[in-house]
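In what follows, a structure is listed as structure tokens, so that the remarks can point back to it.
The values are calculated or read from the model by the stated rules, or taken from the named source; none is laboratory data. On a predicted model such as this, the values are computed, not experimentally measured, just so you know. So basically every Cβ, Gly included, is an ideal-geometry build from the backbone, and we count neighbours across all protein chains shown. When the accessible area is computed, the model is the full protein with side chains, heavy atoms only, and any ligands, DNA or RNA have been set aside. Shrake-Rupley method; radii C 1.70, N 1.55, O 1.52, S 1.80 Å.
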Amino acid sequence: MTFLVFGKTGQVATELARFEGVTCLGREEADLTDPGACEAVIAASDATAVINAAAYTGVDKAEEDRDTAMIVNAMAPTAMAAAAAAKGIPFVQISTDYVFDGSGTAPWQPQASTGPLGVYGASKLGGERGVAAAGGAHAILRTSWVFSAHGNNFLKTMLRLSETRDTLRVVADQIGGPTPAADIAQACVEIARALISEPGKAGIYHFSGAPEVSWADFAREIFAAAGRDITVEDIPTSAYPTPAERPLNSRLDCSSLMANFGINRPDWRAATQRIVERLT
């Protein structure tokens with residue numbers, strides 16, 4: 001069994017590269033601003049499944065660069081999914097909690113009404129719709145708050161800032177599930193394998209770490225794991241304005257993933273401890 005992965009340097013792609021039979025494609029092999037080229041790569045491949053772990057992830061930058069975000073996050077995955085469907089192989093697309101408007105406090109169900117607040121979420125939602133419309137065996141895996149020992153993420157930012165500060169102001173009214181990149185990679189591989197023999201399980205699924213937490217409390221856990229005495233001051237989202245609006249409620253209901261694939265939510269606290277120990 002072999003997997004063709006779009007993405008090479010991102011957090012999830014880096015973790016996927018550790019699996020046997022995985023070929024990761026960087027921009028030089030497959031430029032996502034050229035959907036046709038991505039489609040051609042799949043058409044010429046003998047892989048048994050395709051995973052798209054590449055994306056335009058600049059949430060704020062996307063507000064001023066809508067065209068590129070739409071090509072990379074919507075048009076490219078649509079082309080990939082069509083090519084995978086034509087070859088009769090599964091396609092796994094990683095998506096995001098940003099497809100929702102962040103209202104309420106209940107965990108979002110996979111089939112809940114979407115309502116992205118900005119360009120990034122809208123572009124990812126466009127990709128979801130294109131993947132589903134391609135008609136092949138597919139899984140859209142929405143996740144949230146990705147972190148790891150590599151790339152750019154909240155955990156690494158907090159560790160860096162704590163080297164020169166003893167007090168940090170962190171948003172406390174956004175709630176979600178931090179998700180280890182390694183667990184996302186594992187879930188993608190397991191889903192792709194299952195879809196080969198059970199294409200009827202195609203659909204939208206949610207996967208995030210447990211338990212739900214605020215960014216401020218996530219920061220506290222990071223500093224505790226690092227043994228750093230840092231004071232975290234809770235602030236509202238309104239006190240930290242950004243070009244793109246963030247969803248306040250990023251809780252995801254992951255029960256259907258467990259029911260259909262036997263994949264449990266990872267404990268982000270245990271992963272945080274492991275990653276912090278590796279980085280400090």
Q | In nm, spacing of pseudo-spin labels at Asp267 and Thr105 (7 Å Cα→C-beta vector) | A | 2.6
Q.
Full-extension gain between Ala40 and Glu163, please, as 0.36 nm times their residue separation minus the C-alpha to C-alpha distance.
A. 39.6 nm
Q | Dipole magnitude of the stretch 1-137, debye to nearest 20 (Cβ charges: Lys/Arg +1, Asp/Glu -1, about Cα centre) | A | 300
Q: Starting from the Cα of Lys8, draw a straight line to each of the aspartates and glutamates and keep only those under 13 Å, dropping any in the same chain fewer than 8 residues away.
A: Glu28, Glu29, Asp31
(Q) If Rh is defined by the Kirkwood formula over all Cα pairs and Rg also comes from Cα, what ratio Rg/Rh do you get for the stretch 5-50? (A) 0.95
Q | 14 Å beta-carbon shell around Ile275, net charge (K/R +1, D/E -1) | A | 0
(Q) Probe radius 1.4 Å, ligands and nucleic acids ignored: give me the carbon and sulfur share of the accessible area of the stretch 240-280 as a rounded percent. (A) 48
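Once you keep just the Cα pairs under 8 angstrom separated by 6 or more residues, what percentage relative contact order results for the chain? All intermediate terms of the calculation are to be shown ahead of the outcome.
On the way: 603 pairs, mean separation 58.1, N = 280.
In percent, rounded to a whole number, it is 21.
So what's Rg/Rh here for the chain, counting alpha carbon atoms and using the Kirkwood radius for Rh?
A ratio of 0.96.
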Q | Computed lengthening from Ser256 to Arg274, 0.36 nm per intervening residue step minus Cα-Cα distance | A | 3.7 nm
Q: Return an integer: the convex hull volume of the alpha-carbon atoms of the stretch 114-205, in Å³ per residue.
A: 129
(Q) For the stretch 80-138, take the convex hull of the Cα atoms, compute a quarter of its surface area, and give me that in nm², please. (A) 4.1
Q. What FRET efficiency would be calculated for the residue pair Glu20, Asp67, taking the C-beta separation as r and a Förster radius of 35 Å, to the nearest 0.05?
A. 0.40
Q) Ratio of the stretch 47-161's C-alpha Rg to 2.2 N^0.38 Å, to two decimals? A) 1.12
Q: In debye, nearest 20, what is the charge dipole magnitude of the chain about its Cα centre with +1 on Lys and Arg Cβ and -1 on Asp and Glu Cβ, if you could check?
A: 360
Q: Note down the nm distance, to one decimal, between modelled labels 7 Å out along Cα→Cβ at Thr242 and at Lys87.
A: 3.5
(Q) Please report the carbon-and-sulfur percent of the accessible area for the stretch 64-115; probe 1.4 Å, protein heavy atoms only, DNA, RNA and ligands left out. (A) 53
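Taking every DSSP beta bridge that has both residues in the chain, what percent is antiparallel when rounded to the nearest 5?
If I count the DSSP bridges inside the chain, around 5 percent turn out antiparallel.
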Q. From Cα coordinates alone, what are the radius of gyration and Dmax values for the stretch 233-280 in angstrom?
A. 16.2, 41
Q: Could you provide, to the nearest whole Å², the per residue accessible area of the chain with probe 1.4 Å?
A: 43
**Q.** Value of relative contact order over the stretch 1-131, rounded to a whole percent, pairs C-alpha under 8 Å and six or more apart
**A.** 26
